[in-house]
Structures are given as C-alpha cells and as structure tokens.
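The values are calculated or read from the model by the stated rules, or taken from the named source; none is laboratory data. Note that the structure is predicted; figures quoted are calculated from it, not measured. Counting neighbours? That spans all protein chains shown, and the Cβs are built from the backbone with ideal geometry, glycine included. These accessible areas exclude ligands, DNA and RNA; they are computed on the full protein's heavy atoms, side chains included. Shrake-Rupley method; radii C 1.70, N 1.55, O 1.52, S 1.80 Å.
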Amino acid sequence: QVQFVESGGGLVQAGGSLRVSCVNSRIIFSSTAMGWYRQAPGKQRELVAGISSGGSTHYADSVKDRFTISRDNAKNTVSLQMNSLQPEATAIYSCNRDRSPSGSWGQGTQVTVSP
C-alpha cells in the first residue's frame, strides 16, 4: 500500500512563509511525478503544484509565483515552499502522484494562515 507522510505545517500570519515536506518509501519515487494537494474546510481537494520525474513543474493559478515545489530523489522527498501566504491558503496539505493520485492518502499536514 502506498504510504505518504507529510510534515511541516503550522500556524503563520498573513504574508509569512512555510515549507511542507512529504516522504514516501514504498514507490519508485524517482520515476514518479508528484503533486501537492490541499483541502480547505467544506471544499473539494485541489491540486496546487506538481513536479515531473525530470523536474518540470506546474502550479495552480492561485499560487503561481508564490509557491515552489521541489524534489529530492535521494531522500524520496517532495517539498512545497509557500511564500506570501494568505488566509485562503488555510487547508490540509497532502502529497500524492501528480494528476492521478492513488486512493491511499496520508494524514496530511495542517496549514493555518491568520489574518
């Protein structure tokens, strides 16, 4: 069973920054496109950013130029650097395969942005 373990969330004031990370040791990580998703209260989960096995990235329009996704294949880790955070970014952030997530999700990590 695919297992993702997310970390790094927390509480930050508007305009601040956070970095979240995800590790997975049960997939062939280096050849897997990975993505960061978020789910805000009462809303559907949405794809925020993705990174291919070769390092190409894409972002949702709402986070473009403020969020940066990266990966470290040696550590089976994908990270999301989030800058200039706003309250609407408050959500649980989770990682999974990019655009075609597996049915197995980790617990995610809570990001809360106060006004």
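Across segment 57-83, the qualifying residues are those that are aliphatic (A, V, I, L, M) and more than 23 Å from GLN3 (Cα to Cα), and the one among them that is surrounded by the most Cβ atoms within 10 Å (Cβ to Cβ) is MET82. Scanning segment 84-101 for residues that are open to solvent by 40 Å² or more (accessible area, probe 1.4 Å) and more than 13 Å from the chain's Cα centre (by Cα), we see that the one that is farthest from ALA14 (Cα to Cα) is SER100. Whenever a residue of segment 6-17 is touching a residue at least 40 places away in the same chain (Cβ under 8 Å) and among the polar types (S, T, N, Q), its partners that are open to solvent by 50 Å² or more (accessible area, probe 1.4 Å) and in a loop (DSSP other than H, G, I, E, B), lying with C-beta atoms within less than 6 angstrom and at least six residues away or across chains, give the pairs SER17/ASN83. Could you say whether any residue in segment 15-28 is of a type in the set (Gly, Ala, Ser), surrounded by 15 or more Cβ atoms within 10 Å (Cβ to Cβ), farther than 16 Å from ASN76 by Cα and more than 13 Å from the chain's Cα centre (by Cα)? Yes: segment 15-28 contains one or more residues that are of a type in the set (Gly, Ala, Ser), surrounded by 15 or more Cβ atoms within 10 Å (Cβ to Cβ), farther than 16 Å from ASN76 by Cα and more than 13 Å from the chain's Cα centre (by Cα).
Taking (1) among the hydrophobic types (A, V, I, L, M, F, W, C); (2) open to solvent by less than 30 Å² (accessible area, probe 1.4 Å); (3) in contact with a Gly (Cβ under 6 Å, 6 or more places away or on another chain) in turn, MET34 satisfies each apart from (3). Within segment 102-111, the set of residues being more than 11 Å from VAL48 (Cβ to Cβ) and open to solvent by less than 50 Å² (accessible area, probe 1.4 Å) comprises SER102, SER104, GLY106, GLY108, THR109.
Within segment 40-56, the residues that satisfy the criterion of being more than 17 Å from PRO101 (Cβ to Cβ) and open to solvent by 50 Å² or more (accessible area, probe 1.4 Å) are PRO41, GLY42, GLY54, SER56.
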